[in-house]
Amino acid sequence: MLDFQCWICGEGIDRSDRGALLVSVEGLWRWAEGRRGRDDPFQNIYLHSHCAKERMAGATMDLEPSVFGEED
């Protein structure tokens, strides 16, 4: 069984949260310049859908509802 913990709240993520997210973090400029190698460092973080909706709003944009499997 796979166990995932939300990066924001620290609680476990159940499979019933169909919109839960996996976010990959890596160096922006390495990625943008196409210099990524398979051994370059990266990290995945896991988020409840409700935590992501509440906390991942940017200054100029929000996450699209389709990210969570929702219609507009």
(request) Please identify, among D14, D62, D40, the residue showing maximal mean-square fluctuation in a Gaussian network model of the chain using a 10 angstrom Cα cutoff. (result) D40
(request) Calculate one ³J(HN,Hα) per residue across the range 25-35 by plugging θ = phi - 60° into the Karplus curve 6.51 cos²θ - 1.76 cosθ + 1.60, and present them in order as whole Hz with x for glycine and proline. (result) 10, 8, x, 4, 6, 4, 5, 4, 8, x, 9
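Applying 1/(1 + (r/R0)^6) with R0 = 30 Å to the Cβ-Cβ distance of D39 and I8, what FRET efficiency is obtained, to the nearest 0.05? Let's see the in-between values first.
Numbers: r = 29 Å, r/R0 = 0.95.
Once rounded, the FRET efficiency stands at 0.55.
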(request) For every helix of n ≥ 4 consecutive DSSP H residues, a contribution of -39,500 (n - 2.57) applies; sum these over the chain, divide by its total residues, and give [θ] at 222 nm rounded to the nearest 500 deg cm²/dmol. (result) -4000 deg cm²/dmol
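Can you give the longest stretch of the chain with no exposed loop site, where a site means trypsin sites (Lys or Arg not before Pro) in a DSSP loop (not H, G, I, E or B) with at most 15 other C-beta atoms within 10 Å?
Details: sites that count: R15, R18, R35, R36, R38.
After excluding every exposed loop site, the longest remaining stretch is 39-72.
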(request) Heavy atoms only, probe 1.4 Å: what % of the accessible area of the range 1-71 goes to carbon and sulfur, would you let me know? (result) 50
(request) Mind telling me which of S49, S16, S24 comes out most flexible in a GNM of the chain, alpha-carbon contacts under 10 Å? (result) S16
(request) Just subtract the alpha-carbon distance of E26 and S66 from 0.36 nm times their residue separation and send over the number in nm, one decimal. (result) 12.1 nm
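The values are calculated or read from the model by the stated rules, or taken from the named source; none is laboratory data. As the structure is a computational prediction, the values presented were derived from the model and not from experiment. Here the Cβ is made from the backbone with ideal geometry for all residues, glycine too, and neighbour counts use every protein chain on show. When the accessible area is computed, the model is the full protein with side chains, heavy atoms only, and any ligands, DNA or RNA have been set aside. Shrake-Rupley method; radii C 1.70, N 1.55, O 1.52, S 1.80 Å.
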